[in-house]
Structure formats: structure tokens, C-alpha cells
Amino acid sequence: MGGRNKLVIAALAAALGGGCGTVDNVRRPVYPLPNSPSTHVCRVYGGVRGDFGMMTEYPWRETPSLIDYVVLPLMAAVDLGLSAAGDTVTLPYTVGVEVWRAFNPGPPPRESLQLPVTVAEPTPPTGQVVRP
């Protein structure tokens, strides 16, 4: 396989595997969950923040494998760059979420999301076919 093909395959693998922080950020809820107020929410450049947090909060002293010291920082650096590009592309959405959250400080009450349901008594069959 030629050098150019290897480069293309490596670039495609990095593009498919990178930007995970952006995907995770966009999938996050707008408001924290009611039963878990410490839930991470969608934020501006949240993918970059998440990747940087992963790099700084990783338990490096508890890592038994030497390869983790090489592979994880390299993957995190690649993903950090791709997440920066992805976060820039999703910036209109995340800014909209931040503005929405600023003007609407909390989620709507759960009761307002439910429609009233009425249950009708079943009518016994009459045995007659009704034709319109």
C-alpha cells in the first residue's frame, strides 16, 4: 500500500473517531436532570472543555500500562483539535442553548408537559353494524 493511501486511511480514521467531545456536548440536555442537578449540560465549546477536563482529571498515577502514557495523550490531543473544529461548527446551536437557558432559568414543571387524559366508559357492543 502506498504512502498516500496510508495517509488517507489515517486521516479518515482520525475524522471518524475524533470530535467525540462535540457529539457528547450536543447530545447533553439543556437543563440538569431534576433528580441529578450535577448533570453536565450543553455548553459553548463543551467538547473542548470535556476533552481538556479528561486530560487533566485522568488518574495518571493509577495507570498501570506505559502505553497509556503515549496513546491517551495523543488521542486526546487529536480529539481536542477536532472537537475545537466541531464546536465551532455547532456554535450557533450551543449559543442558542446558552441564551435560552439564560432567559429561562429552569425547565418547565413536569406537570405542564402532561396532557389531561379522560377515560370513557366502554360501551357494550350492540351487534348492529353502523354504516355511514
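No value in this document is a laboratory result; all are computed from the given coordinates. Computed from a predicted structure; not experimentally measured. Because the Cβ atoms are built from the backbone with ideal geometry, glycine has one as well, and the counts that use them run over all protein chains shown.
A compact table of results
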item	result
Matching residues, the stretch 26-74, being under 19 Å from the mean Cα position of the chain (by Cα) and aliphatic (A, V, I, L, M)	Val26, Val30, Leu33, Val41, Val44, Val48, Met54, Met55
Some residue of the stretch 49-61 being loosely packed, with under 15 Cβ neighbours inside 10 Å, of a type in the set (Val, Ile, Thr) and either in contact (Cβ under 8 Å) with a residue 12 or more places away in the chain or out of contact with any His (no Cβ under 8 Å at 6 or more places or on another chain) (or both)	yes
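Residue-by-condition table, conditions (1) under 18 Å from Ala102 (Cα atoms); (2) among the β-branched types (Val, Ile, Thr):
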residue	(1), (2)
Asn35	no, no
His40	yes, no
Thr56	no, yes
Pro73	no, no
Ala76	no, no
